[in-house]
Amino acid sequence: MVKKGFILLMIVALGFMLWDFVGNYSSKTELADVSSHYVEQGPEELGAANVVTSVVVTYRGLDTLGEVTILFAAAAVVGLLLHLNRNENEQRREGSELLKTGTALLFPLILLFGVYVFINGHLTPGGGFQGGAIIASAVVLSVLSDPNKKAGHTALTVIESLSGLTYVLLGAAGAILAVNGFLDNRILPLGEYGSLLSAGLIPAIYSVVGLKVGSELSSVVISFKGDSKEEEV
Amino acid sequence: MIGTMAIITGSLLILIGLWGLLSNKDIIRMIVGFSLFDVGIHIVMLSIGYINGGTAPIVEKLSDLGKTYVDPVPQALVLTAIVIGLGITAFMLTYAVNMYLKKGTLDIDKFEELKW
């Protein structure tokens, strides 16, 4: 009873804070200085149509590198903790015929869509993280349809490490070659605005991020499935 | 208007998430509550970046530069926050799996070692 009272008290207190916050809210009519620089100069400066992408990949690129590192740490710890405590080779029920056939049809299409989303990250809503999540959803589908299949952990680790390394090397190339330092995208020509191969390094970096996030999330999913001790590609 | 609606939705989700987080005994349900809390915070952050009459910050042509766009910075921040939230959720689920393997239950009251 006391516990229920505490819960109620907590919710009422937080609700009161939020009430004040919501009551004083009115949507702004103009952007703050930094944001208006990003929106007004960003497209010309970096050549990326999607301003969010240019913020994520270039203006605040170091934060994204840290974020990818955190995701890597999370995936590694999840793999480690589930590895220690997994149950022995129990047989799982296979997916139905419908699910299997559907997976065979959809798996390559979903992968293709994921790649499309991260390659076009500088032009359309999307990017490395979204594309990586889509790729991982294809892996979820294949894990559901055939749970007894051994997973290619080694391949995932190789893709993940290579793309992480490429990300850092591309960033370092920016620090060496360009004026504006680490993760500058203008070491490649900006190209024609709005075309696929434009915005300098942004498509390359976002593709690498997409591969990295996709393989990390896939390895998280496969770790949750269990029985990942006998690795094979 | 859209901004006000978004901030109200987000605040409600935060409260529902906190309630779910605190009042459930089942670890999986607590994790669901945490995810709701997380989503609520994301929506509140996005609503702060809303500009009246603004569209998504995607400049299709360079001649569109003068138009009103919403703030891209909270959107980039929320993109980061979603990914980190996903990492945390996966981490919590891992703990839930391990706790279940140790005790055979997900009821938080059965984990007496945690009591103070």
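Read the figures in this text as sums done on the coordinates, not as results from a lab. Computed from a predicted structure; not experimentally measured. With ideal geometry, Cβ positions are generated from the backbone for all residues, glycine too; neighbour counts draw on all protein chains shown.
Our helix-only sum for chain A, with -39,500 (n - 2.57) per DSSP H run of n ≥ 4 divided by its residues, gives a mean residue ellipticity at 222 nm of -22500 deg cm²/dmol. Relative contact order for the range B:1-72: 31 percent, from Cα pairs under 8 Å spaced at least 6 residues apart, divided by residue count. Reducing the range B:76-94 and the range A:136-170 to their Cα centroids gives an inter-centroid distance of 18 Å. FRET efficiency for A:I176 and A:Q41, Cβ-Cβ distance as r, R0 = 25 Å, nearest 0.05? After rounding to 0.05, the efficiency reads 0.55.
Fully extending the segment from B:S23 to B:L65 would add 10.2 nm, taking 0.36 nm per residue of separation and subtracting the current Cα-Cα distance. The simple spin-label model puts a point 7 Å past each Cα toward its Cβ; for A:V140 and B:I88 those points are separated by 2.0 nm.
Here the residues A:H37, A:H122, ranked from fewest to most Cβ neighbours within 10 Å of their Cβ, fall in the order A:H37, A:H122.
Rounded if a/c is under 1.5, else prolate if a/b beats b/c, else oblate: with a ≥ b ≥ c from the C-alpha gyration tensor eigenvalues square-rooted, which is the range A:1-88? Taking the square roots of the gyration eigenvalues as a ≥ b ≥ c, the range A:1-88 is oblate. Here A:V140, A:V117 are placed in order of increasing Cβ neighbour count within 10 Å, fewest first, which gives A:V140, A:V117. Mean residue ellipticity, 222 nm, helices only, chain B: the sum of -39500 (n - 2.57) across DSSP H runs of n ≥ 4, divided by residue count and rounded to 500, is -23500 deg cm²/dmol. For a test of the definition: using alpha carbon positions, the gyration tensor, and the 1.5 limit on a/c, classify the protein assembly as shown as rounded, prolate or oblate. Oblate is the answer for the protein assembly as shown, as a/c is 1.5 or above yet b/c matches or exceeds a/b. When you work out D = kT/(6 pi eta Rh) for chain B at 37 °C and 0.692 mPa s, using the Kirkwood radius from C-alpha pairs as Rh and the Stokes-Einstein form, the result is 199 µm²/s. By its C-alpha gyration tensor, with a ≥ b ≥ c as the square roots of the eigenvalues, how is the range A:1-50 shaped: rounded for a/c under 1.5, else prolate for a/b larger than b/c, else oblate? Prolate. Under 5 Å between amide hydrogens, built in the peptide plane, is the criterion, and for B:L65 it picks out nothing among residues at least 5 positions away or on other chains.
For a modelled paramagnetic label at B:T4, 7 Å from Cα along Cα-to-Cβ, the residues of the range A:17-51 in reach, with backbone nitrogen under 17 Å, are A:19-29. With a Cα cut-off of under 30 Å and a minimum spacing of 8 residues unless on different chains, the lysine pairs in chain B number 7. Note on the range A:69-169: the alpha carbon radius of gyration divided by the globular reference 2.2 N^0.38 Å gives 1.24. What separates the Cα centres of the range A:1-49 and the range B:28-49 is a distance of 12 Å. Mean Kyte-Doolittle hydropathy of -0.5 or higher plus an axial Cα length of 24 Å or more: which whole DSSP H helices in chain A meet both? Correct list, ordered by number: A:2-23, A:61-84, A:97-119, A:128-145, A:153-177, A:202-225. Overall, the ratio between the Cα radius of gyration of the range B:1-48 and 2.2 N^0.38 Å, rounded to two decimals, is 1.19.
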